Each structure stands twice: as structure tokens, then as C-alpha cells.
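A.B. asks: Sending over a structure as C-alpha cells; questions will come in a sec.
Derivation of every value follows stated rules applied to the coordinates shown; laboratory data play no part. Owing to the predicted nature of the structure, the values given are computational and were not obtained by experimental measurement. Quick reminder, even Gly has a Cβ in these numbers, built from the backbone with ideal geometry, and neighbours come from all protein chains shown.
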Amino acid sequence: MSFDIVLWLVQDGIVNGAIYALLALALLLVFAVTRAIFVPQGEFISYAALSLALLQAGKLPGTVYVLVGGGAIAALLDIAVALRDKAPGRLPRILAVYVLLPLAMAGIAWWAAPRKLDMWIQVLIVFGLVVPLGPILYRVAYRPLAGASVLVLFIISMAAHYVLTGLGLVFFGGEGLRSQAFSGAHFKIGVLNISAQSVLVVLATVLIMASLWLFFEHSIYGKALRATAINRVGARLVGIPAELSGSLALTLAAFIGAVSGVLIAPITTIYYDTGFLIGLKGFVGAILGGMGSYPLAAIGAVGVGLLESFSSFWASAFKESIVFTIIIPVLVWRSLTTRHVEDEEE
Amino acid sequence: MAARVTLALFLVFMALAPLLVPEFYVTLMNYIGMATLVTLGLVLLTGVVGVMSFGQQAFTGLAAYTTAVLTTVYGVSPWVTLFAALALTAALALTLGFITLRLSGHYLAISTIAWGIAIYFVFGNLEILGRYSGLDNIPPVSLFGWALDTGRESYYLIWIMTLAALIAARNLLDSRSGRAIRALRFRSVMAESYGVDTAMLKIIVFLYAALLAGVSGWLYAHYLRFVAPHGFGVNAGIDYLFMAVVGGASHVWGAVIGASLLTLLREWLNDLLPKLFQRTGNYEIVVFGVLMMLLLHRTRDGLAPVFARLLPAGPGRARPAEAPALARREQPQSGEALLEVRAAQKQFGGLVAVGNLSFEMKSGEILGLIGPNGAGKSTVFNLITGVLRADEGEIRFRGERIDRHPTKEIAARGICRTFQHVNLVSAMSVLDNVALGAHLRGRRGTVAAMLRRDRAEEAQLLAEAARQIDRVGLGSHLFEPAGSLPLGQQRVVEIARALCGDPLLLLLDEPAAGLRYGEKSALAELLRRLRAEGTSILLVEHDMEFVMGLVDRLVVMDFGEKLAEGLPLEIQTNPAVVEAYLGGIE
């Protein structure tokens, strides 16, 4: 293996690793706040990537139907609650968030699709289509089960994953799509040939991490989320509604998923179900980092990217096996260094 | 009785079913039986013990491939390969179990995904296992030369094994080990304090779950006569979890309900939806997901409790019959040195919870440990029982140093405790909770329990538990779930549980909190009687009237250190103690 190949593999690994790192953060955030292992994270990636590719091809992405339909269901659920509570004052807000916003986004996408606008505008439209799916998903799937066991929440995550993957197949079809690169430029640094696309991925990752840090450290909503993650009962007692935290966590997760999808769309061909495996690798990264610390999770995810890139070079048939078995030695090391008997919360 | 009738009707139905229904449904029932085996393992492992596993299909696959290779390549009889397959499954399960079961909740779940995915790719990439196309021409199981090669014949093989596993699991949960297993999820610290080897028990449950999955894999290979990797992907593992949760993850019969519902639902959706939508392949998974959401939104505990409510309620359980008393420990001579704490020290970060604390306790006395909130009294209990390890100093029990022993070994020496924060398995009956205290006085293990070879000992344990419950005055609450009692009574249940352990030294952490006046005097009377029988008691309590009238001596703690020690009267007039409790007079 020559030095060029090593450098090329490292570059490839870091780019994928950066995306896994973003996903690791999202998964960690949702888990900390809601106790749900957030399997549908992968669908946000697929939906965003496929929507972008379809917009570039001048077609209306099927995401709009999921958005409008999901919004309508969420609205119906909330309206039923509002009527039962005899609180019609809530109706305008419900309609605005779950009906008007999705319809407006769908309208924009419908108008913009055949016009093949500038790529940056298309990316914004994709965000507008995918990010609202987060709170809608929380309302429809998770909120009725707030406080349930990790196991039940996981099963709900799987059910949501099935629904979204199935809808993905219905609306996007079984074919894979790849979007155009943001930039075709390459720079040469010594022997290293760096594509502008990879630089963009890494920059975007760093930027998002920095803004998440600012959000958690310096905004009241960020602090509310952190408080909920540390102690849900305590957070509720000081007036942070559990629904708000859950909804906010899923909105952030959807945003991160959308960014990852947009970033990875030009690098790999994305199918309606590709997101799951990508999300899973983000998860492995989070584990390698210890499932508690954001910086370590990010480093762990980059490690997964590198490992994947090198193992696909040496033993491509066993690539996935290697990536997933790497967790076991790490876990062994952890199990040897920690000694505790711990009780679950009842 | 009603439960017996229901069970008998179910068995008759299962025995006759293949004769009455078309072949197609026999096939479905065979799939249900095989899925039930794996799901049952998950009910125990995930539902009861709380260890989430996505990796059961790895064991199914390993057993299926083992028997496939041995029977097709080497021509070994399937009955021999059953043992080979189970041995290999057990070896893998023990290896994975020893490595990963020490991990806390989510790490463990993830490690199961890891091995589940990894083994799938191994199956798919090994030449000897036929890569992704798998192995075929596996012979059917034959019995005395008679090949079980039709669906109806296989049905009996599959369901006899499945029912045996279900009954064994039910027996296991209703036994000495079963009580300990049911405490693992939320109360493992308490279980260790009563001598349960929680790590070993977890591994046993894990092994049983893996072996059930292995049996299912063996049946699968010989029923389908074909194995391929896609039957053992992560999706299969997740399907089993769905079955467990939908059926009711902590109910043995939930495994049958969940496996049946999911298998039938899948079949029905695959059959019906294409007709409905005039297209194939797209909507099944969406409808399936939506139905699962609706179901869990309605009943997050799964369907087993719903079914249980439909069955006629039988008469309540009968009080355990009298049985020969269990052997008791010999109490040490009164006045012999029992417990010595020497210069014990425990810090949490910068906070000194216990600092340079020394005191001694003689056999046959009641020693009160008092002090303001946060003085470190409960930490002292945790140090003595080994729940926490002292940073410095030493603790001796009857002359032997115990501060480096694990909790369960300290319990084996006759130290029983109650907890300041009630530590009962709230869904379990008062009787079972108290019987858990006698864990170390029984010997029968998990296999004996599954085969019901433990009934004589079990009767003794339950009779002892009932006696201790009577003794603390809760005899009319034997079968109520412990969590349904008022907090004060739950503390009393804790005392009964500690008494069930036949203690030499009884550690009581605020036993009188939440009790009414009459209950308090009954408790004081009970403690005096225990002292008269030779039991020594170390008591943490805030109720001074209760303490002063009862104890022989007092140790007063403040800010982790010993403030004073002496007879109740001396302590009451000690100026330092008065200042610590009432604040100084300016």
C-alpha cells in the first residue's frame, strides 16, 4: 500500500467520519432527552439526500406528501386533545405549526422544483421539508409514550423507522440517486489531492458542532434540554415541559439529519433505506466515545470512518463485520475498567 | 384452579390443532412455535432482567448452521447435532456474556447489535457456509427411523419443545432463583445484600435465552431443510424484540401471544394489502409500523395483561402451608466482640462522608447510630455491607476483616440490612419479597427450579417468609404487590425480609419512619424480643423517643465523624450533641 493510498483512505475516512460524528451527536442528544434510541435518524438522511437530488433533477420530492400528511395527523391528535380540554385557544397555533407550515413548504417546493434554482436555495428548501418532520414525528410517535421504558421506546423507534422507510420506498422508488457536488474543485497539497467537497463536509461539521455548543451553553432552550437530559423529573418540577424538550431534541436531530443527508448526497449513491446503516455507524461512533460525552463521540465517529475506509481497502467483504465488531474490544476495555452494580430507574 | 383449566384447554387445543386446520395454518403455527422459543428467551432476558438484546438471531443462526454443516457435510444424526449446536451456542453465549454482561444498560444493548450484525456478515462470506446462497438438502429429524418430514409431524416436535420451554420458564420465575431474577432489573444492589450472585444469575438467564434461540435454530434448519444468512439478520433479531414487547415483555405467556400476533399479522398484511392497493411490496411495512404504534400507544405493557384480564379470576393464592423450619445460625455468646469499625474513611470527591470513624459493637446489644441529616449514617451502613468500599480503615466482623469482601459474601456471614430508601421489588408480592431475604438459606438452583425439583425447599422458604411477615404484623398482606403498601408498611416488609435472612447482625436504616404510634411501639417490642433471642441490632433512627427507650448504647455522628458515644442518658446531656442537634446558643 503506497503512501498516496494511505492519504486517500484517510481523507475518505475523515469525510465519512465527520458525517457519522454529526449523527452521533444527534443520537446522543435524543437519547439523553427522551431515552429513545433514535432509529429514524437514518430516514432524515435519506429523505434529505433524495429530496435534494430530485430537486436538482427538476422533480417534486415525495417528502412533501410525508410532511403534509404527517402534519395533518399531528394536527388531528392535538386538536382532539384541545377539544377534550375545552381549550379552543390552542387551535390557531396547532393549525399554523402542523398544517400551514407544511403546506407552505410543500408549495414552495412545488413552485421551485421545475425552476431548478440555485443549489443553495434548493438546500434551504430541503431543510424546510425535512426539519419539520422532527417535531411531527415526536408528536405522532413518541409523545403518547413519554416516560415509557427504553425497550418500548426503542420498539416505537423501530415502528417509526418502518413507516418512514416504507413511505420512502413509495415516494422515492427503489432506485438510488446521487446529487451534484457542491463544487468540483480540487486542490493539491503535496501529494494530497483534496476535493472541495470534502473540505466543505468537514467545515460544515465543525460549524454545526460549534453552534450546538453555543446553543447548549448559552441559550435558555439549550440549558432546558441539558437539564432534561440530566434529570427529567427535576426539569419538570422547575417548569420545563417534557414535551417541549422532546420536540426540540427531535427538531435538532432532524436538522442534523438533513445537513448530513445534504452533505453525503454527492459522495455516495443514496437509496430510500441507506440512511439506516449510516445512522447506525454514527451510533457506533457514539458508543466508542462512551455514550455520554459529545467530544468523545465525535472522535469515536471519525475513528469509525477511518476504520471503515481502511477495512474496505483490505477486506471489503468483511467491511461491515469489522466496523461493528470493533465495538466489542472497546466495550471489553470499558467493562474491565469500570466496576459497579447499577439499578435501572423504575 | 382457573389457571390450570385454562392451561389444560390450551394444551388440548394445541394437541388437536394440526388435525383440524389446513396445512397452511400448520405451517404458520410451526413458525409461531419457533419464534416463541426465541421470544421467550427475550421475555426473561429483556422483559424480566432488563437486558436488551438485539442479537438472539446470532444464536439461532449459529445453531442452525452448525447442524446444517454437520448433517450435510459429515452426515451426523440431527439428534447428535442438537447437542453439538447447543454446546457451540452455549460457548458463544458464555464468551459474550462474560465480556458484556457487566456493562450497563445501553452499552450492552449495543454490543448485541454489534455481534448480531457481525455474525450475519460472517455467515454470508464464508465458503463452507455457502455464502449468501446458504446450505440446502438438510435432512429432517427422524425418530426411531421415522422421518418427521411433513408440517404436521414437525408441528409436534416444535411445539413439544416450545411448551416444555414455556413451562420451565414459568417454573423458574416462581422459585428461589426466580425471585432473585425478578430483582435484578431494578434492585440488584438489594439482591447482592441478600447474597444473590447477580452477575452469575444474569449470565444464567442470558445462557438460557441463548439456548432457547439455539433450539429454535436447530428446529428451523431441519424443518425448512435449508439455511441462509438472511434468516439471521438484524431484522430477525428486532422482530423477536417486537414479539416480546407486543406480547408483554415480562410475561412468560406473552411470548406465545407476541409470536402469534406478529407472525399472523405479517402473513395477513402480505396477503391482503396487495389486493387492497393493487400493488405489491410497498405498504406492508408502513401499515405494520402504524399498527405497532397504535397498539403500544394503547397498551405499553403489551397484550399479556389484557389477556389475563379476560381469563376468569381464580381464587386468591393460599397461604403457604407449614413446613419444617429452616436451619438457623448459632448466635454468638452474648458480649462477644461482634463488629469493629476502625478509622473508617469514605470520601465522595471533596466531601468526606465518613471520616476517621471508629466504634465497636458487642453481641446481643442494640446500638443506636444517630446524627443530623447528612451525618454519614447510611454511608456507614453501605461500608459495613460492602455496597461501598472504604477508602481507609478497616471493618471486622467477629474478628474477621470484611471490608474488602463483596456484598454477597458479607451477607453470607449473617449481616442483613434494610434500606433507607425502600428497596422492594414493587411488582412482586410481599411474600416473595420477604422470601428473597432467605435466599442464602436455600440451595436449589435454576435447573432444579425449572424441573420443579425444588418444591420441598421452596415450601420451607415460603413458610419461613410467612412466619416473619406474621411476626411484623403484616400477615393479611401476603399476596399484595409490595409497591401497593403505604411507605411505612413497606419499611416493615424490609424488616421482615431482613429477619428472613436469619441475621446475627441486623442493620436497620430508619425503620420507624412513616409508622404510627401504635406501630412504633409494636416495632420496638419486636426489636427487644430479637435482642432477647441473641440478635444484635445496629439502628439508625431519627425518632429520639423510639431510640432512647430501646437502645443499649448510642454513637452520635456529625459531618462524618464520631461526636460522642455512650449510654442514652449520657448522650442526652452531652453538650456537643445538644449543640449539633439544636444549634448553639448565642
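A.B. asks: Over chain A, what is the relative contact order in percent, taking alpha-carbon pairs closer than 8 angstrom and at least six residues apart?
C.D. replies: Reported relative contact order: 37 percent.
A.B. asks: Still on this structure, I have one more. Principal axes first, then extents: for the Cα atoms of the range B:25-232, list largest minus smallest coordinate on each axis, whole Å, largest first.
C.D. replies: Rounded to whole Å, the extents work out to 53, 35, 29 Å.
A.B. asks: Further question on the same structure: Would any residue of the range B:235-273 have its amide N under 16 Å from a label point 7 Å out along Cα→Cβ of B:TYR25? List them or say none.
C.D. replies: Once the point is set 7 Å along Cα→Cβ of B:TYR25, B:260-261, B:263-265, B:267-268 turn out to lie under 16 Å by backbone N, inside the range B:235-273.
A.B. asks: What is the set of long-range amide H partners of A:LEU192 at a cut-off below 5 Å, with H atoms built 1.01 Å from backbone N?
C.D. replies: Long-range HN contacts for A:LEU192: none found.
A.B. asks: So, one more: Give the longest segment of chain B that steers clear of chymotrypsin sites (Phe, Trp or Tyr not before Pro) in DSSP loops with at most 16 neighbouring Cβ atoms within 10 Å, not counting the sites themselves.
C.D. replies: The reported range is B:145-478.
A.B. asks: Further question: Distance in nm between label sites at B:SER334 and B:TYR156, each 7 Å beyond Cα in the beta-carbon direction?
C.D. replies: Simple spin-label model gives 7.0 nm for this pair.
A.B. asks: Starting at 0 and stepping by 10 Å, how many percent of the alpha carbon pairs of the range A:170-256 end up in each bin?
C.D. replies: Reading upward from the zero bin: 14, 28, 22, 21, 13, 2.
A.B. asks: Okay, next question. When a/c reaches 1.5 or more, the comparison of a/b and b/c decides; with that in mind, is the range B:426-502 rounded, prolate or oblate per its Cα gyration tensor?
C.D. replies: Prolate shape, in that a/c is at least 1.5 and a/b is the bigger ratio.
A.B. asks: Report Rg(Cα)/(2.2 N^0.38 Å) for the range A:1-157, keeping two decimals.
C.D. replies: That ratio works out to 1.28.
A.B. asks: May I pose another question? For the range A:123-199, what is the Kirkwood estimate of the hydrodynamic radius, computed as the reciprocal of the mean inverse distance between distinct Cα atoms, to one decimal in Å?
C.D. replies: For the range A:123-199, the Kirkwood estimate is 16.3 Å.
A.B. asks: Next up: Can you tell me the Rg and Dmax of chain A, counting just the alpha carbons, in angstroms?
C.D. replies: Rg, Dmax (Cα atoms, Å): 20.6, 72.
A.B. asks: With runs of 4+ DSSP H residues as the only contributors, calculate the mean residue ellipticity of the protein assembly as shown at 222 nm using -39,500 (n - 2.57) per run, divided by the residue total and rounded to the nearest 500.
C.D. replies: Here the helix-only value at 222 nm equals -19500 deg cm²/dmol.
A.B. asks: Pull out a ≥ b ≥ c, the square roots of the eigenvalues of the alpha-carbon gyration tensor of the range B:438-586, then state rounded if a/c is under 1.5, prolate if not and a/b is larger than b/c, and oblate in the remaining case.
C.D. replies: Prolate.
A.B. asks: Taking the range A:193-329 as the region of interest, what is the percent of Cα-Cα pairs per 10 angstrom bin, listed from the shortest bin to the one with the maximum distance?
C.D. replies: Bins of 10 Å from zero give 10, 33, 34, 17, 5, 0 percent of pairs.
A.B. asks: Given the pairs B:LYS362/B:LYS408; A:LYS59/A:LYS319; B:LYS520/B:LYS562; B:LYS346/B:LYS562; B:LYS346/B:LYS408, which are separated by over 25 angstrom at their Cα positions?
C.D. replies: Listed pairs above 25 Å: A:LYS59/A:LYS319; B:LYS520/B:LYS562.
A.B. asks: Another question, if that's okay. As an exercise, use a Förster radius of 30 Å and the Cβ-Cβ distance of A:SER219 and B:LEU487 to find the FRET efficiency, rounded to the nearest 0.05.
C.D. replies: E(calc), rounded to 0.05, equals 0.15.
A.B. asks: So which helices of chain A fit the span-like rule, where a helix is a whole DSSP H run, its Cα atoms reach 27 Å or more along the axis, and its mean Kyte-Doolittle is at least 1.0?
C.D. replies: A:3-34, A:63-84, A:150-172, A:196-218, A:242-264, A:294-314
A.B. asks: Now a separate question. Using only the alpha carbons of chain B, determine the length spanned along each of the three principal axes and report them from longest to shortest in whole angstroms.
C.D. replies: Taking the Cα atoms of chain B, the three principal extents are 89, 51, 50 Å.
A.B. asks: Compute the orientation-averaged projected area for the protein assembly as shown from the convex hull of its Cα atoms and round it to one decimal in nm².
C.D. replies: 46.0 nm²
A.B. asks: Using a Gaussian network model of chain A whose springs link C-alpha atoms within less than 10 Å, name the residue from A:SER312, A:SER157, A:SER219 with the highest mean-square fluctuation.
C.D. replies: A:SER219
A.B. asks: Only sites in a loop by DSSP and with at most 15 other Cβ atoms within 10 Å count here; which trypsin sites (Lys or Arg not before Pro) in the range A:92-153 make the cut?
C.D. replies: A:LYS116
A.B. asks: Divide, for the range B:155-216, the radius of gyration over alpha carbons by 2.2 N^0.38 Å, where N is the residue count.
C.D. replies: Here the Cα radius of gyration is 1.30 times the empirical estimate.
A.B. asks: Here's a follow-up. Could you give the DSSP H helices of chain B that reach 30 angstrom or more along their long axis (alpha carbon positions) and whose average Kyte-Doolittle hydropathy is no lower than 0.5?
C.D. replies: The answer, listed by residue number, is B:78-100, B:105-125, B:151-173, B:198-224, B:254-277.
A.B. asks: If R0 is 51 Å, what FRET efficiency do you get for B:ALA8 and B:LEU276 from their C-beta distance, rounded to 0.05?
C.D. replies: 0.80
A.B. asks: Quick one: P(r) of the range B:481-539 from all Cα-Cα pairs, 10 Å bins, percents rounded to integers, in order of increasing distance.
C.D. replies: Reading the bins upward from 0: 22, 56, 21, 1.
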